[in-house]
Amino acid sequence: MAKEIKMNPNQQQVNINPDDLVDVVCSECGCQTFSQVFLFKKLSAVLSPNGKESMIPLQVFKCTDCGHINDEFIPNKDGKKVL
Ligand SMILES: [Zn+2]
């Protein structure tokens, strides 16, 4: 049985020049590496589809050095939209 490998012709080649990229660094210590953590948001009963307050996990990234989470990584921080 011959295996046919088909390249997807619709797949777009994305050429990203590393020189065009801007570093994202920890706004506290300037560290450039981050690890995945979860924070939880509460969905108020009014907005919840089942009428009950629910907890929503959100994946964010924290600085591997000092543990700080940049504001830009947190959607709706302190009830205010930052994104
Ligand atoms: Zn940091």
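The values are calculated or read from the model by the stated rules, or taken from the named source; none is laboratory data. Keep in mind that what you see is a predicted model, and the values were worked out from it rather than measured. All Cβ positions, glycine included, derive from the backbone under ideal geometry; neighbour counts span all protein chains shown.
Computed quantities for the displayed model
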| read-out | value |
| --- | --- |
| Close pairs (9 angstrom Cβ cut-off, 6 or more residues apart or separate chains): closer than 30 Å to residue 22 by Cα in segment 33-53, surrounded by fewer than 10 Cβ atoms within 10 Å (Cβ to Cβ) and of a type in the set (A, V, I, L, M) anywhere | 40/55; 41/55 |
| Output for segment 22-80, where each listed residue is modelled with pLDDT under 95, among the small types (Gly, Ala, Ser) and either under 13 Å from the mean Cα position of the chain (by Cα) or in a strand (DSSP E or B) (or both) | 54 |
